[in-house]
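**Student:** A single structure is presented below for examination.
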Amino acid sequence: DWDDEQNYLANPDYRGLGLAHLRWMFTTFHSAHYQPLSWLTLGFDHALWGMNPWGYHLTNVVLHALNAVIFFFLARRLLRLALPSPADQDGGFVSAAVVSALLFAVHPLRVESVAWLSERRDVLSGVFYLLTLLCYLKRRIPWSVGLFALSLLSKGMGVTLPLVLVILDVYPLRRLSADPRCWLTASARPVWIEKIPFFLLALAFGLLGIAAESATGAMQSFARHGLGPRAAQAFYGLAFYLWKSVLPFDLIPLYKLPPQMSLLAAPFALSALVVTTITIVLIALRRRYPGILAAWCYYAIALFPVLGLVQFGPQLVADRYAYLPCLSGAVLAGAGLIQF
């Protein structure tokens with residue numbers, strides 16, 4: 001009994017592009033999500049394919065392939081900004097970006113986002129999220145703001161992107177000092193002013209997401225799921241996606257929340273130790289390896305909305321949550337090709 005039943009087989013509201021359908025798409029919190037742009041693409045699918053699932057899945061695959069292409073250009077741009085030119089100049093960056101894009105595209109953690117039709121929101125929001133980052137690196141700020149809005153209209157997962165842009169400003173753009181104490185100086189003011197529309201969009205869609213979860217009863221209260229279990233879940237998630245990125249075995253559709261969770265229990269305590277150790281080591285080595293610390297910060301910030309600090313649903317973790325956060329690991333893999 002997966003979400004496809006209630007989203008498509010038993011839902012006539014998305015089956016068309018008339019005014020009534022469009023009104024529903026842009027006002028509904030169906031299945032505890034606000035995703036009007038994703039519903040719009042599904043409406044186009046219905047116009048093309050009717051109820052034949054083949055066409056819907058084809059669209060998911062095409063969107064994922066498009067993400068891989070966009071990510072190639074994004075990875076190449078990041079590597080050019082962060083690393084010295086390789087001996088063969090641009091050829092080295094191209095090869096490294098190809099490795100990054102392929103690792104992202106074919107990794108087993110991508111399967112759930114692409115093969116499960118209800119995760120159309122993952123692949124569609126990914127298109128606009130990646131384009132937002134690419135335009136930002138090229139300093140096309142108005143384009144970045146518009147694309148960010150489209151990403152949020154597809155899925156709210158990208159609400160932490162303004163913080164990701166701050167990471168990029170520190171490294172590799174070096175528009176902000178690595179010392180946070182310098183972030184409030186007059187020279188840093190333009191960097192923060194241009195972030196205002198990004199933060200306003202993130203705030204608006206963050207509140208919409210909370211409203212959607214609350215309206216459908218998907219959000220768990222602190223009485224049922226307290227602060228201790230939420231912290232344990234967050235540490236476990238940060239370690240889980242890292243581990244599964246390296247060894248993607250035993251992937252399953254649903255990792256259920258256990259009845260009891262505590263930071264004193266073995267898997268959660270070990271996860272907290274691993275995450276804390278990695279963070280301390282990378283901070284200590286930040287001057288020598290600033291790119292690895294930036295990648296780790298991106299990973300943690302991109303995962304933040306789904307780490308369980310705001311808990312909804314029965315899942316402890318989910319493969320689909322790694323779709324965007326694990327991009328930084330793929331870039332590091334490409335960088336390793338140049339460095340070594």
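The values are calculated or read from the model by the stated rules, or taken from the named source; none is laboratory data. As the structure is a computational prediction, the values presented were derived from the model and not from experiment. Neighbour counts are summed over all protein chains in view; Cβ atoms, including those assigned to glycine, are modelled from backbone coordinates with ideal geometry. Protein only, heavy atoms only, side chains kept; ligands, DNA and RNA dropped before computing areas. Shrake-Rupley method; radii C 1.70, N 1.55, O 1.52, S 1.80 Å.
**Student:** Of everything in the range 54-80, what is touching a residue at least 40 places away in the same chain (Cβ under 8 Å) and open to solvent by 50 Å² or more (accessible area, probe 1.4 Å)? Give them in sequence order.
**Tutor:** 57, 61, 65, 66, 73, 77
**Student:** Quick one: residue 51 ticks every box in (1) surrounded by fewer than 19 Cβ atoms within 10 Å (Cβ to Cβ); (2) assigned to a loop (DSSP other than H, G, I, E, B); (3) under 21 Å from the mean Cα position of the chain (by Cα) bar one, so which box is it?
**Tutor:** Of (1) surrounded by fewer than 19 Cβ atoms within 10 Å (Cβ to Cβ); (2) assigned to a loop (DSSP other than H, G, I, E, B); (3) under 21 Å from the mean Cα position of the chain (by Cα), only one is false for residue 51: (3).
**Student:** While we're looking at this one, here's another question. So which residues in the range 204-251 are at pLDDT below 90, aliphatic (A, V, I, L, M) and in a loop (DSSP other than H, G, I, E, B), if there are any at all?
**Tutor:** 218, 223
**Student:** Do we find a residue being more than 23 Å from the chain's Cα centre (by Cα) and crowded, with 20+ Cβ neighbours inside 10 Å anywhere in the range 250-260?
**Tutor:** no
**Student:** When you go through (1) among the small types (Gly, Ala, Ser); (2) farther than 22 Å from residue 328 by Cα; (3) touching a strand residue (DSSP E or B) at 6+ places or on another chain (Cβ under 9 Å) one by one for residue 237, which number turns out not to apply?
**Tutor:** (2)
**Student:** Here's another thing I want to ask about it. Just wondering, is there one or more residues in the range 25-37 that are over 23 Å from residue 147 (Cα atoms) and open to solvent by 50 Å² or more (accessible area, probe 1.4 Å)?
**Tutor:** The answer is no, given that none of the residues of the range 25-37 is over 23 Å from residue 147 (Cα atoms) and open to solvent by 50 Å² or more (accessible area, probe 1.4 Å).
**Student:** Oh, and also: Quick check: is even one residue across the range 270-278 farther than 30 Å from residue 177 by Cβ and outside any helix (DSSP H, G or I)?
**Tutor:** No, the range 270-278 contains no residue that is farther than 30 Å from residue 177 by Cβ and outside any helix (DSSP H, G or I).
**Student:** Give the range 168-198 a look and list any residue that's surrounded by 13 or more Cβ atoms within 10 Å (Cβ to Cβ) and either in contact with a Cys (Cβ under 7 Å, 6 or more places away or on another chain) or among the hydrophobic types (A, V, I, L, M, F, W, C) (or both), or say none.
**Tutor:** 168, 170, 173, 176, 178, 183, 188, 191, 192, 198
**Student:** Ok, one more. Across the range 288-305, which residue is nearest to residue 316 (Cα to Cα) among those that are open to solvent by 40 Å² or more (accessible area, probe 1.4 Å) and more than 15 Å from the chain's Cα centre (by Cα)?
**Tutor:** So the residue we want is 292.
**Student:** Also, I was wondering about something else. I'm trying to understand the selection: among the residues of the range 1-24, which are in a loop (DSSP other than H, G, I, E, B) and either modelled with pLDDT under 95 or among the small types (Gly, Ala, Ser) (or both)?
**Tutor:** Within the range 1-24, the subset in a loop (DSSP other than H, G, I, E, B) is 1-2, 10-18.
Scanning the range 1-24 gives 1, 2, 10, 16, 18.
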